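**Student:** Below is the structure I would like to discuss, written out as C-alpha cells.
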Amino acid sequence: MQTNLRGRDVIDLQEWTKDELGTLLDVAFTLKRDRALGLAHPYLRDKVLAMLFFFSSTRTRTSFEAGMAQLGGHAQFIESRTTQIAHGDTAKEIGEILGRYNDGIAIRNVDWGVGNSYIRDVAEASRVPVLNMQCDIYHPHQALADLMTIIERFGDPRGKTATVSWACAASYQKPISVPQSLVLLLPRFGMNVRLVHPPEFALMDDIVEQARQNARKTGASFEVMDDFEQGISGTDVVYAKSWGALLKTTDEAEGAKAISKYGSWITDSRRMAMAKDDAIFMHPLPADRGVEVTDEVIDGPQSAVYDQAENRLHGQKAVMALTMS
Ligand code: CP
C-alpha cells in the first residue's frame, strides 16, 4: 500500500499509480463503513478547502462540502463570477493566494481548451494540493466513484465488460471528461471497455491511445464501436451518457444539429435487456430523462446512479484525507 500521498494533486488519475489508486479505494471504503457506523473521522480538523467553480454543480459541490465537514474541516464555495478573476486575477495569483489561505484548492473549469490548462497553472503556483472537480479533459473524482460502485456491485472488476457509450441529449454539448476518465481508468483494473459513439462524437486521440495501452498492460480488451445496440449486447455495465461533438465544433447550434441526428440513442428497457441479466445502468447525472435514458431504466432495479452519486462523497473524502492531512 502506497501511503506517501500528502501534497499530491488530483488532476488526472493517470498520474497516480495503480498502488496509489488502491490506497484511495481502500480508504474510501473504510470511510464509507465508518460513516455507516457513526464513527467520527476528523482527519482534517481546522483545515480549509477552497472550491472554485466556473460552472454549475449539484453533486460535486455538495459532496466536497459535506466531505470536508465530516472530516472536521471547512470548505469555502467560490463562484468565479463573484471574484475578481474577470477583472484580472490570473491563475498564478489564484494558486499563490488561495494556496496561502487554504489547505487544498478544488477547481471546476470545463471551458473547452481552457479548463485543464487553467487547473495546471493554478497547481504550478500553489503550495497546497489542487483537486480537479472536472475540466474539459478529465473528471477524476467521478471516475473514482464509478469504479467504487462497480467494485461494490461485482467485486473484482477484472474480466467484466463496461460499455461507455454516447447517448442523445437535448440540453447542451456536455463535456467529454466523464467518458475520457472512464476509458482511461477501467482497463487499468482489468475491465474490458467498449467505447461506443456515432462518428461525430469521438474522444481525443491521445486519450483513446492511452486507454488502449492501459488495456494492453492488464490483458483487457478495448474496442471502439459505432453501433449502440451491439455495444450493449452481453455487457456487464451500461454507462450511457451524452457528450458534445467538441472535437468537431464548439458552436452550440452546430453541436445540437449533430446530436439531433441520433435521437434513437436512448437507453430503454428493451436495450437494457440486451445486456447481461445482472448488468447495471450507470450515469454520473444530471441526465436528460426521456432523451438519454427512460425513467423506467434510471429508476429501475438495474440502475446504480444513486450509489455512484453517494460514492462521490466517500471517494473524495479519501482523496482529501490522504492529500491534505
Ligand atoms: N456528476 C457530476 O459531476 O455532477 P454535478 O455536475 O452536479 O457536480
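Throughout, read-outs are computed from the coordinates displayed, never taken from laboratory work. Because the structure is predicted, anything quoted here is derived from the model rather than measured. Here Cβ is always computed from backbone atoms with ideal geometry, including for glycine, and neighbour counts include all displayed protein chains.
**Student:** Note the full-extension length gain between residue 225 and residue 257 as 0.36 nm times their separation in residues minus their Cα-Cα distance, in nm to one decimal.
**Tutor:** 9.4 nm
**Student:** Loop-only trypsin sites (Lys or Arg not before Pro) in region 1-93, please: DSSP not H, G, I, E or B, and at most 11 other Cβ atoms within 10 Å.
**Tutor:** Counting only loop positions with at most 11 other Cβ atoms within 10 Å, the trypsin sites (Lys or Arg not before Pro) in region 1-93 are 6, 45.
**Student:** Restricted to Cα positions, what overall size does the chain have along the principal axes? Three whole-Å values, descending.
**Tutor:** Largest first, the chain extends 52, 46, 36 Å along its Cα principal axes.
**Student:** Counting pairwise Cα distances across region 142-308, what percent come out greater than 30 angstrom?
**Tutor:** The calculated P(r) of region 142-308 puts 9 percent of pairs beyond 30 Å.
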